[in-house]
Structure formats: structure tokens, C-alpha cells
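Undergrad: Got a structure for you, written out below as C-alpha cells; questions coming shortly.
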Amino acid sequence: MAYAEAVLLGADSVAESAESARFEPLELQVIAIAEADPIASIGAPTRFSRFFERWLGISRPKPLANERLEALRRFAVLARVTGGSLPVDEVRRFLAAGYSLLQARALQRRAASFAR
């Protein structure tokens with residue numbers, strides 16, 4: 001697994017590719033938070049949802065202040081909800097935030113393993 005991805009990405013060694021798939025402690029906390037966030041937390045609220053939330057006293061999770069961490073949270077929520085099958089556009093958005101393809105695949109595999 002790691003060797004094939006290392007070859008595809010042009011990594012010099014398997015150790016280098018495994019290192020690029022790791023998350024920092026803060027990023028792991030964001031992933032843990034994303035496990036409880038609903039899919040509605042990643043989009044802008046509609047007028048109806050705002051009214052409904054106020055009426056029932058529901059508070060929606062706020063986006064993270066750090067754009068990179070918010071991209072990670074969004075990707076983790078989508079991966080969990082879809083069972084790891086994300087559209088290519090979402091993967092590109094995650095990569096554009098500064099994460100690696102190996103990190104994306106790690107989150108997708110994690111979500112797929114929970115979906116079973």
C-alpha cells in the first residue's frame with residue numbers, strides 16, 4: 001500500500017511517504033471533532049434551517065477560524081458521511097488546503113472502515 005503510493009507520488013522512500021500521511025496532534029483533534037459534526041455543519045445555513053434551529057434551540061457547529069483546519073474538518077465530515085467515497089472536487093479542495101494525497105487516502109480508508 002504505502003510503497004505503491006510512494007512510487008506514484010515520486011517519494012524517495014516508503015518512510016518518507018508514511019511520514020507525509022501523518023497528522024499533527026491538533027489535526028487529530030479536528031478529525032475527532034468532525035466525527036460528531038452533522039453534514040449540515042459544512043454548508044451555509046438556509047433561512048428555514050436558521051428559523052428551525054432558533055425555534056428548537058439547536059446550535060450549529062461554527063466553522064474553524066483556521067482555513068486549513070476547516071478544510072480538514074470538512075473533508076473528515078464528508079468522508080464519514082459518504083463512507084470514504086468523495087467526489088474528485090472535494091479531494092482537490094483538500095489537497096489545495098495543503099494536505100497530501102496520502103492524508104486524504106488515510107481519512108477515506110478510516111471512514112470506509114467505520115462504514116462496514
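The values are calculated or read from the model by the stated rules, or taken from the named source; none is laboratory data. The structure displayed is predicted, hence computed values, not measured ones. All Cβ positions, glycine included, derive from the backbone under ideal geometry; neighbour counts span all protein chains shown.
Undergrad: Based on this model, can you work out whether residue 69 counts as modelled with pLDDT of 80 or more, over 22 Å from residue 113 (Cα atoms), in contact with a helix residue (DSSP H, G or I) (Cβ under 8 Å, 6 or more places away or on another chain) and aliphatic (A, V, I, L, M)?
TA: Against the criterion (modelled with pLDDT of 80 or more, over 22 Å from residue 113 (Cα atoms), in contact with a helix residue (DSSP H, G or I) (Cβ under 8 Å, 6 or more places away or on another chain) and aliphatic (A, V, I, L, M)), residue 69 qualifies.
Undergrad: Next question. When the residues of the range 35-66 are narrowed to those that are among the small types (Gly, Ala, Ser) and on the phi < 0 side of the Ramachandran plot, which ends up modelled with the lowest pLDDT?
TA: Within the range 35-66, the match that is modelled with the lowest pLDDT is 44.
Undergrad: Just checking, does the range 39-54 include any residue being within 14 Å of the chain's Cα centre (by Cα), crowded, with 17+ Cβ neighbours inside 10 Å and of a type outside the set (S, T, N, Q)?
TA: Within the range 39-54, one or more residues are within 14 Å of the chain's Cα centre (by Cα), crowded, with 17+ Cβ neighbours inside 10 Å and of a type outside the set (S, T, N, Q).
Undergrad: Oh, and also: Take the residues in the range 82-116 that are outside any helix (DSSP H, G or I) and of a type in the set (A, V, I, L, M), then tell me which one is surrounded by the most Cβ atoms within 10 Å (Cβ to Cβ).
TA: 86
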